[in-house]
1. In nm, give the distance between the simple-model label positions of Glu30 and Val49, each being 7 Å from the Cα along the Cα-to-Cβ direction.
2. Among 11-17, 44-50, what's the highest-first ranking by average C-beta atoms within 10 angstrom per residue?
3. Among Leu9, Leu51, what is the fewest-to-most ranking by other Cβ atoms within 10 Å?
4. Tell me, Met21, Met37 in order of fewest to most beta-carbon neighbours within 10 Å?
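What follows is calculated from the coordinates using simple rules that are stated; it is not laboratory data. The model shown is predicted, which means the values in this text are computed figures rather than measured ones. FYI the Cβ positions are ideal-geometry reconstructions off the backbone, even for glycines, and counts take in every protein chain you see.
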Amino acid sequence: MKNHLRVGLAEVSTLAEMATMIDELEGDQEFPTAIAMGPRGRTTTTRAVSLPENWLLDRDAMPFIAADEAISGG
């Protein structure tokens, strides 16, 4: 996909404008199987979680956790 089309489709404001840009797409391109079916995200080995010393010993010392859960909305 040409870069100006990618940017334009992200900023489209009308259906007519989108239809014009879609008409510019090259429909005869082959599906990039080697790229699309490859691994996604992190491909390195997993790393151990590292927390500060004594972080989980006293949950009452961290009241901000409960406050955040109550107002964050997910």
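1. 4.5
2. 11-17, 44-50
3. Leu51, Leu9
4. Ordered by Cβ neighbours within 10 Å, fewest first: Met37, Met21.
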